[in-house]
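> Submitted below is the structure of interest, expressed as structure tokens.
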Amino acid sequence: MKMRHIPGLILLALLLCAAPATALPAETGGEQTLQPKSPPPEGTPTRVINIGVSRQGEADVFCIDFNKPRIPDLQTVDNGAPRIYFDITDIHEWSGAKRYDVNGTYIQAVRTHHNTDKKTMRVVLDLNDRYNYRVDPSWVEDYYLFCIAISKR
């Protein structure tokens, strides 16, 4: 499958965390391709495989790669420090960093917190406060990849 909306997104989604070699795209004739993921066995907890931020054209793009289908509900906060956040349930472990300084045009940092008691992970995108934003979430079904493109409105 070719990536239609955001070229090169899969490769750049691996920017912030080390990835298993099987998650890396293969280069074939200049086009980036990936093998679709197979559904995990019933009862498998949700796992975050990678998170990453890249610059795609006029947008900062955040992506989160799961081991099974998961589309988070986005929430926003705009009280002088604009941010987007979402919670992911059924996350039994998270070994990634608590903060990634991105210093992108629109996304300044990505913060994560794993609540081990509730098995929930919160992801917060801290945004630059100078802009009004356009937020375009997308889901790549075959790869369990959820992305948010953030650009100037």
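The values are calculated or read from the model by the stated rules, or taken from the named source; none is laboratory data. None of these values were measured; they are calculated from a predicted model. Cβ atoms come from the backbone with ideal geometry, glycine included; neighbour counts cover every protein chain shown.
> Select from segment 129-145 the residues that are surrounded by 14 or more Cβ atoms within 10 Å (Cβ to Cβ) and either closer than 19 Å to SER95 by Cβ or out of contact with any Pro (no Cβ under 8 Å at 6 or more places or on another chain) (or both) and list them in ascending order.
Hits for segment 129-145 are TYR131, VAL135, ASP136, PRO137, SER138, VAL140, TYR144, LEU145.
> Any residue in segment 86-102 that is within 14 Å of PHE66 (Cβ to Cβ) and of a type outside the set (Ser, Thr, Tyr) sitting within a Cβ distance under 7 Å of a residue that is at pLDDT below 90 and in a strand (DSSP E or B)? List the pairs, counting only those 6 or more apart or interchain.
Final answer for the pair search is none.
> Do the conditions hold for ILE148, that is, is it within 25 Å of PRO36 (Cα to Cα), crowded, with 16+ Cβ neighbours inside 10 Å, under 15 Å from the mean Cα position of the chain (by Cα) and of a type outside the set (Ser, Thr, Tyr)?
Here the answer is yes, as ILE148 does meet what is asked.
> Pick from ILE88, ILE49: which is farther than 15 Å from LEU125 by Cα, in contact with a strand residue (DSSP E or B) (Cβ under 9 Å, 6 or more places away or on another chain) and aliphatic (A, V, I, L, M)?
Values: ILE88 fails: farther than 15 Å from LEU125 by Cα.
That would be ILE49, the only listed residue that is farther than 15 Å from LEU125 by Cα, in contact with a strand residue (DSSP E or B) (Cβ under 9 Å, 6 or more places away or on another chain) and aliphatic (A, V, I, L, M).
> What's the total number of residues in segment 33-77 that are of a type in the set (Asp, Glu) and over 18 Å from GLY104 (Cα atoms)?
Residues of segment 33-77 of a type in the set (Asp, Glu): 42, 58, 60, 65, 73.
Checking the rest, the ones that are also over 18 Å from GLY104 (Cα atoms) come to 42, 65, 73.
Within segment 33-77, residues that are of a type in the set (Asp, Glu) and over 18 Å from GLY104 (Cα atoms) number 3.
> Which one of the conditions (1) at pLDDT 90 or above; (2) small (Gly, Ala, Ser); (3) crowded, with 17+ Cβ neighbours inside 10 Å does GLY57 fail to meet, given that it meets all the rest?
(3)
> Mind checking which pairs have a first residue in segment 62-80 that is closer than 13 Å to VAL124 by Cα and a second that is at pLDDT below 90 and outside any strand (DSSP E or B), Cβ under 7 Å, 6 or more apart or different chains?
Qualifying pairs under 7 Å: CYS63/LEU9; CYS63/ALA13.
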